[in-house]
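Worksheet: the structure to be examined is printed underneath.
Quick note: the coordinates plus some simple rules give every number you see, no bench work behind them. Please read all numbers here as calculations on a predicted model, not as lab measurements. Here the Cβ positions follow ideal geometry from the backbone for every residue, glycine too, while neighbour counts run over all protein chains shown.
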């Protein structure tokens, strides 16, 4: 996708955290890993993968560092400390990339999934659309 994109905006449930992304997403990934399921409180998490340098954040993010990752690299899961809305995740293995929670976008409907990852831990009642790219684990760096 081209980088000469419109600005993409979003924020948390209470409005204490707002963000803007100044480039088109690299991908919209549905993650079925058990950690994303727990963080989202749902069957999977839908993430907009962006270049971290194109994202600006206003307001205070709280961080939980997840250390029990498949790669062994710590993952910073950042969220609003007031309302608990998950905002983004950044892996120390790929700090130039951020995974932004699509549900926090102002226009989430404009960004349908392009790939499903960690399908080896997908719940059995979740159906992946036919023809949608999917991978048993995450992307390989």
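Among 125-133, 110-118, 55-63, 26-34, the peptide with the highest mean count of other Cβ atoms within 10 Å heads the list, and the full ranking is 26-34, 110-118, 55-63, 125-133. Working from Cα pairs under 8 Å separated by at least six residues, relative contact order for the chain is 25 percent. Rg/Rh, computed from the Cα trace of segment 27-94 with Rh as the Kirkwood radius, has the value 0.94. Between residue 76 and residue 107, full extension at 0.36 nm per residue minus the direct alpha carbon distance yields a gain of 8.7 nm.
Please express the shape of the chain as an equivalent ellipsoid: the semi-axes are the square roots of 5 times the eigenvalues of the C-alpha gyration tensor, given largest first in whole angstrom.
On the way: eigenvalues 97, 64, 46 Å².
Equivalent ellipsoid semi-axes, largest first: 22, 18, 15 Å.
Residue separation of residue 53 and residue 18 scaled by 0.36 nm, minus their Cα-Cα distance, works out to 11.0 nm of gained length. Between residue 114 and residue 128, the modelled labels are 1.7 nm apart [label points 7 Å from Cα along Cα→Cβ]. Between residue 93 and residue 67, the simple spin-label model (points 7 angstrom out along Cα→Cβ) gives 1.7 nm.
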